[in-house]
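Undergrad: Provided herewith is a single structure, encoded as C-alpha cells, for subsequent inquiry.
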Amino acid sequence: MTDLLKKIETHKEAILLGEVGALLHMFGKASSEFLQANSLKGQGNDSHQDLKHLPNLKPYLEKDRLKDAFSFTVNGKQEKLSGNFTDFILKYKGSQPDSYLLKLFNTCHRMTSADEKGVIRRKQSINNMWITTPFGYRAHKIDPACVDSARADMDQKLADAFDSYLKNEQNSIEHLRKQAVNILQPGLSEALGETRQPANDVTLWAQSHGVASLYKPVLVTLAMEIEPCPKKNGDYDFDQVRWRLLGIGWNGLGFIQRSRKPADILQRQEIVRVITREIQQLIEVKYPLGNLFYWDVNGLFLTFPGIEDNVAQNLVDQFASELVQIVREQSDNELWPFLTLSKPRRTLTIITQEIEHRDKLAALPHVATILSLEKDDLSRGKRLLLNSPELKPPASDQDICPVCQFRGKSISEDACSICMERRSGRQNQGNGQTIWIDEVADANNRIALLTLRFDLSRWLNGEW
C-alpha cells in the first residue's frame, strides 16, 4: 500500500503555503478604494490587485524562499510560480495566470465567484453599504475608514509573522498558517468580496477561505503525484478539476438527548465542539487534506481531493484510526463515528444529500466504523474501517447509568462516574452559564427545554 500520508506530510510546507497564498489573494478588496469603485456611483478605480495595499508584507512575499518552498513535481517537471508569491495577488484573475500552479488556483477562485452564479442585480451606495445574512437581513454596515484601518493592521501583523517564519525563529509552517488565519479572519470578515446585492451575504473572509479550501485538496493531489487536471486534446482542461466531501458523522443529537440535567446538555455540547476542533487540527494541519466546509451536532464535512475511488479509500484507511480515536476518547465511547465520501464533483452543493445520508446512518444502531462511498451511479458502497471498541457490561452489583445508558454505575448513585464528573466539572467552571431552575420552573418544579430547528436544505444546495 502506497504511503500517501507520508507524501502529503513531505509536501506540508508547500500545501500550507499555498493555502496562505489563497487567503491573501483578494487582500486589496479590504479597502475604501475597492468599495468606492464598486459602489452605486462607481468613483475611482478598482485597485485591489495593487501591491500598495500591503506595503509591509510585500517585501516578504517577494522572497525566493517562499517561491522555492511552494513547489511540486508534475510529470517529472518541477512546477513553481513564474514570479513570486505576489503572483497570487497580481495574476489570479481571467487570463493573467501564467504558471500551472496559478492556473489551478484560478479555477478554484472562479468556483467561488458570484459573477459565475448569475445572481448579481444591483450596487450599493458607499454610504449605505451592508453585509447581509444569507437570508437578506442587514447584519453589519460597512465603514470604509474602519476597513482601511483593519487592513493596515493586518498588513503589519502579517509582515511580522512572515518575518519570524523566514528567519526560522518559529520554524513552523503550522504556526504561520495559524497566525495568518487568526489575523485575517476578523479583518476580512468586516469586508466584502462582492459588494453588489444579493451577493453581499458573503464576506471577504468567507470567499477567500472558500477558495483556499478548494485549492488545498488540489495541492494535496499534486503531493500524491496525481494530476488533478485532466487533459483535453493534449492540453490541460482546468475547468474539469473536481473535489469530494469527506464526512465524519455520529449520532450527536441522540448523544445530547440522553442528558438528564442542564449540566449534562451543556457538557455534551462542549464534547462535540472539542471533537470538531481536534478533527480540524488533524485534517487541516497535521495531514493537510482540506478544510472544514460544514459542521453541526451530528458531525462535520471537509473538502477532500477529487481522486479516484481506490486512491481515496487508500488515503482514508491511513488516517481513519487516528480520527476515530479522537471521537471515541473524547466521548468515552459514547459517540460511534463513521465516515462518508461523496463522488468527485465540480460543485459541492451536494452537501445537502451528504447530510441526509449521514443523518440516516447516524440513526442506525452500530458501533463499528464504516466508510460509505458514493459511486458514479449515486449508489453507496460500504466497507468496514475499524471494529467495535470493547464495551464492558455492568458488574453484578451495578445497574445501567440512566444518562449514558451503557456504562455501569453503583446502585446508590444517580449516574456513572464519567457522567457525574461531567456534571461537576461543568458546575465548577463558574462561567456564568448556570441555569437557575427556580426562576423558570413551574409550581411543581418542572421545566421544559425548547429547541428550534431550521430546514436549510434548499439554501445549502444552492436553490435559495
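Undergrad: Suppose we filter L66, L35 for residues that are crowded, with 23+ Cβ neighbours inside 10 Å and either touching a strand residue (DSSP E or B) at 6+ places or on another chain (Cβ under 6 Å) or part of a helix (DSSP H, G or I) (or both); which single one remains?
TA: On the way: L66 fails: crowded, with 23+ Cβ neighbours inside 10 Å.
Every option except L35 fails the conditions.
Residue-wise test of (1) among the acidic types (D, E); (2) part of a loop (DSSP other than H, G, I, E, B); (3) buried (at least 18 other Cβ atoms within 10 Å of the Cβ); (4) free of Cβ contacts under 8 Å to residues at least 60 places away in the same chain.
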| residue | (1), (2), (3), (4) |
| --- | --- |
| G18 | no, no, yes, no |
| G28 | no, no, yes, no |
| K41 | no, yes, no, no |
| G44 | no, yes, no, yes |
| Q49 | no, yes, yes, yes |
| K52 | no, no, no, yes |
| N56 | no, yes, no, no |
| T73 | no, no, no, no |
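Undergrad: Between a residue in region 178-197 that is touching a residue at least 40 places away in the same chain (Cβ under 8 Å) and any residue that is surrounded by fewer than 17 Cβ atoms within 10 Å (Cβ to Cβ) and outside any helix (DSSP H, G or I), which pairs come within a Cβ distance under 6 Å, given they are 6 or more apart or on different chains?
TA: Every condition considered, the pairs that remain are R196/I120; R196/K123; Q197/R121; Q197/R122.
Undergrad: In the list K77, K157, which residue meets the criterion of being surrounded by fewer than 15 Cβ atoms within 10 Å (Cβ to Cβ) and not β-branched (V, I, T)? Spell out the reasoning first.
TA: On the way: K157 fails: surrounded by fewer than 15 Cβ atoms within 10 Å (Cβ to Cβ).
After applying the criteria, what remains is K77.
Each row is one residue, and each column tells you yes or no for (1) part of a helix (DSSP H, G or I); (2) without any contact (Cβ under 8 Å) to a residue 12 or more places away in the chain; (3) in contact with a helix residue (DSSP H, G or I) (Cβ under 7 Å, 6 or more places away or on another chain); (4) not assigned by TED's automatic domain parsing to the domain that holds H175.
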{"site": "T221", "(1), (2), (3), (4)": "yes, no, no, no"}
{"site": "C229", "(1), (2), (3), (4)": "no, no, yes, no"}
{"site": "L246", "(1), (2), (3), (4)": "no, no, no, yes"}
{"site": "I256", "(1), (2), (3), (4)": "yes, no, yes, yes"}
{"site": "S259", "(1), (2), (3), (4)": "no, no, yes, yes"}
{"site": "R268", "(1), (2), (3), (4)": "yes, no, yes, yes"}
{"site": "V274", "(1), (2), (3), (4)": "yes, no, yes, yes"}
{"site": "F301", "(1), (2), (3), (4)": "no, no, yes, yes"}
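Residue by residue, here is whether (1) in contact with a Gly (Cβ under 6 Å, 6 or more places away or on another chain); (2) at pLDDT 95 or above; (3) aromatic (F, W, Y) holds:
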{"site": "T303", "(1), (2), (3)": "yes, yes, no"}
{"site": "Q313", "(1), (2), (3)": "no, yes, no"}
{"site": "F319", "(1), (2), (3)": "no, yes, yes"}
{"site": "V324", "(1), (2), (3)": "no, yes, no"}
{"site": "S342", "(1), (2), (3)": "no, yes, no"}
{"site": "E374", "(1), (2), (3)": "no, yes, no"}
{"site": "D377", "(1), (2), (3)": "no, no, no"}
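Undergrad: Exactly one condition in (1) out of contact with any helix residue (DSSP H, G or I) (no Cβ under 6 Å at 6 or more places or on another chain); (2) surrounded by fewer than 19 Cβ atoms within 10 Å (Cβ to Cβ) is not met by D148; state its number.
TA: It is condition (1) that D148 fails.
Undergrad: Across region 354-392, which residue is nearest to L456 (Cα to Cα) among those that are touching a residue at least 60 places away in the same chain (Cβ under 8 Å) and part of a loop (DSSP other than H, G, I, E, B)?
TA: The qualifying residue nearest to L456 (Cα to Cα) is A363.
Undergrad: I need the full set of residues from region 180-214 which are buried (at least 21 other Cβ atoms within 10 Å of the Cβ) and among the small types (G, A, S), in order please.
TA: A180, G187, A191, G193, S208, G210, A212, S213
Undergrad: Scan region 160-177 for residues that are under 25 Å from the mean Cα position of the chain (by Cα) and touching a residue at least 12 places away in the same chain (Cβ under 8 Å) and jot them down.
TA: Result: A161, F162, I173, E174, L176, R177.
Undergrad: Could you check D317 against (1) touching a His at 6+ places or on another chain (Cβ under 9 Å); (2) over 21 Å from Q269 (Cβ atoms) and say which number it fails?
TA: Only one criterion in (1) touching a His at 6+ places or on another chain (Cβ under 9 Å); (2) over 21 Å from Q269 (Cβ atoms) is unmet by D317, namely (1).
Undergrad: If I ask for residues that are of a type outside the set (G, A, S) and either within 23 Å of W459 (Cβ to Cβ) or at pLDDT below 90 (or both), which ones from region 121-139 would you list? Explain how you work it out, then say what you get.
TA: At the first step, the residues of region 121-139 found to be of a type outside the set (G, A, S) are 121-124, 126-135, 137-138.
If the condition is that a residue be of a type outside the set (G, A, S) and either within 23 Å of W459 (Cβ to Cβ) or at pLDDT below 90 (or both), then R121, R122, Q124, W130, I131, T132, T133, P134, F135, Y137, R138 are the ones that fit.
The values are calculated or read from the model by the stated rules, or taken from the named source; none is laboratory data. Keep in mind the model is a prediction, meaning the values are calculated, not measured. With ideal geometry, Cβ positions are generated from the backbone for all residues, glycine too; neighbour counts draw on all protein chains shown.
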